[in-house]
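Novice: I am attaching a structure below and will ask some questions about it afterwards.
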Amino acid sequence: MKLCTFHHPHGKRVPGAVVGDRVVDLERALREQRGLTERVADLGTLLRHPTLDRDGVCPRAELAAVVDRAAALIADRGGATDDTLAPRLDAVRLAAPIARPPVIWAVGLNYRDHAEEQNKQPPAQPMLFTKAPTSVIGPGEPIELPAGRDAIDAEAELGIVIGRRASAPVPSERALAHVLGFTVCNDVSDRAAQKSDRQYCRAKSWRTFAPMGPVVVTPDAVGDAADLGVEQRLNGEVWQRSRTDQLIFSAAHLVAWISDFCDLEPGTVISTGTPGGVGVFRDPPVFLRDGDLVECEVEGIGTLRNPVIRRDEGSS
Ligand code: MG
């Protein structure tokens with residue numbers, strides 16, 4: 001299943017599921033099938049709705065049932081599809097799947113090749129930090145270089161989206177049951193702030209520094225995401241190319257590790273770290289400039305494209 005958040009051709013933003021060349025409006029499908037009455041503007045809000053966020057309910061299975069029913073309705077109409085229930089994918093604009101995650105966890109130094117690039121030993125435990133939820137943007141939206149900041153680069157990462165609440169430690173063998181699916185994240189980074197602050201929080205949290213999408217792919221399609229190609233292209237040129245089999249701590253390990261000390265709420269995103277090749281470690285270092293195009297791709301999930309613009313001095 002490929003889940004997303006999209007803007008209808010008439011402008012309304014809703015959660016969706018890609019079925020062939022159509023995208024099912026999950027807000028409408030849940031209204032018709034489950035009696036949903038509230039406005040639900042994105043996949044993250046839907047995951048925290050009582051319809052899906054309750055004991056004993058697997059949100060993945062619930063959503064699959066709703067999508068199957070909607071797909072059957074569309075098939076019954078012999079292709080004369082109601083564009084309100086399921087507009088054509090090429091007629092909609094995709095948004096960040098999770099508009100405002102409860103928290104974005106991110107992991108530093110989690111690829112063997114990225115550790116080698118810095119001449120560092122692989123860490124003995126995950127090196128966690130957080131990114132502000134307000135830094136999220138979707139596919140096609142511009143990464144804004146803040147005025148006066150000129151040491152910013154991009155990091156292609158596999159993202160984990162939590163679907164099922166974890167209020168107690170989850171062993172890694174059961175971690176995947178709490179995962180809705182996987183997405184593509186770009187962990188945009190202000191290297192000057194990272195250096196001056198001697199920690200990551202501000203450097204990773206400027207507005208627009210967490211591009212995410214284009215879709216969330218459930219584990220039935222990509223398994224535990226343990227061997228997927230990861231690539232970053234800058235203006236069409238390959239900058240990062242690796243595979244998730246280089247991950248020091250797997251997706252399941254990270255979910256288990258975080259759940260040991262902290263609740264995982266539905267819609268939480270875990271950005272699993274980046275492989276070698278990022279701009280700051282180039283010789284000489286290369287940073288993002290106004291007019292650049294960054295593409296981050298994870299095999300089996302999709303490509304996240306974001307243009308880069310320079311925010312003018314004094315703009316807000
Ligand atoms: Mg990173």
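The values are calculated or read from the model by the stated rules, or taken from the named source; none is laboratory data. Note that the structure is a prediction, hence the values are computed from the model and not measured. All Cβ positions, even for glycine, are placed from backbone atoms using ideal geometry, and neighbour counts span all protein chains on display. Calculation scope for accessible area: heavy atoms of the full protein, side chains included, ligands and nucleic acids excluded. Shrake-Rupley method; radii C 1.70, N 1.55, O 1.52, S 1.80 Å.
Novice: State the number of residues belonging to the stretch 166-222 that are within 14 Å of the ligand (Cβ to nearest atom), of a type in the set (V, I, T) and part of a loop (DSSP other than H, G, I, E, B).
Specialist: 1
Novice: Give D220, D150 a once-over and let me know the one that is open to solvent by 10 Å² or more (accessible area, probe 1.4 Å) and under 20 Å from the mean Cα position of the chain (by Cα).
Specialist: Sole residue among the options that is open to solvent by 10 Å² or more (accessible area, probe 1.4 Å) and under 20 Å from the mean Cα position of the chain (by Cα): D220.
Here's the yes/no breakdown for (1) outside the structural domain of G56 (by TED's automatic domain parsing); (2) open to solvent by less than 10 Å² (accessible area, probe 1.4 Å); (3) over 27 Å from V255 (Cα atoms); (4) not hydrophobic (A, V, I, L, M, F, W, C):
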position: P146; (1), (2), (3), (4): yes, yes, yes, yes
position: R165; (1), (2), (3), (4): yes, no, no, yes
position: A168; (1), (2), (3), (4): yes, no, no, no
position: L176; (1), (2), (3), (4): yes, no, no, no
position: Q194; (1), (2), (3), (4): yes, no, no, yes
position: R202; (1), (2), (3), (4): yes, no, no, yes
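Novice: Determine if the stretch 269-280 includes at least one residue that is away from the ligand (no atom under 16 Å from the Cβ), assigned to a loop (DSSP other than H, G, I, E, B) and at pLDDT 95 or above.
Specialist: Checked the stretch 269-280: no residue is away from the ligand (no atom under 16 Å from the Cβ), assigned to a loop (DSSP other than H, G, I, E, B) and at pLDDT 95 or above.
Novice: Continuing with this model, one more query. Can you name every residue in the stretch 243-265 that is assigned to a strand (DSSP E or B) and buried (at least 21 other Cβ atoms within 10 Å of the Cβ)?
Specialist: Correct list: L247, L264.
Novice: Determine whether the stretch 280-290 contains at least one residue that is over 15 Å from N235 (Cβ atoms), buried (at least 22 other Cβ atoms within 10 Å of the Cβ) and in the same structural domain as E157 (by TED's automatic domain parsing).
Specialist: The answer is no; no qualifying residue exists.
Novice: Can you tell me which residues in the stretch 259-292 are touching a Pro at 6+ places or on another chain (Cβ under 8 Å) and of a type in the set (V, I, T)?
Specialist: T268, V269 - these are the residues of the stretch 259-292 that are touching a Pro at 6+ places or on another chain (Cβ under 8 Å) and of a type in the set (V, I, T).
Novice: Looking for whichever is among the charged types (D, E, K, R) and over 25 Å from A99 (Cα atoms) here; the options are D224, D220, D292, D260. Which one fits?
Specialist: After applying the criteria, what remains is D260.
Novice: Then there is this: If a residue has to be within 13 Å of the ligand (Cβ to nearest atom) and under 23 Å from the mean Cα position of the chain (by Cα) to count, how many in the stretch 118-147 make the cut?
Specialist: Count: 7.
Novice: If Q121 satisfies all but one of (1) over 30 Å from A61 (Cα atoms); (2) buried (at least 19 other Cβ atoms within 10 Å of the Cβ); (3) not hydrophobic (A, V, I, L, M, F, W, C), what's the number of the condition it fails?
Specialist: Only one criterion in (1) over 30 Å from A61 (Cα atoms); (2) buried (at least 19 other Cβ atoms within 10 Å of the Cβ); (3) not hydrophobic (A, V, I, L, M, F, W, C) is unmet by Q121, namely (2).
Novice: Would a scan of the stretch 72-93 turn up a residue that is modelled with pLDDT of 95 or more, open to solvent by less than 40 Å² (accessible area, probe 1.4 Å) and within 16 Å of the ligand (Cβ to nearest atom)?
Specialist: no
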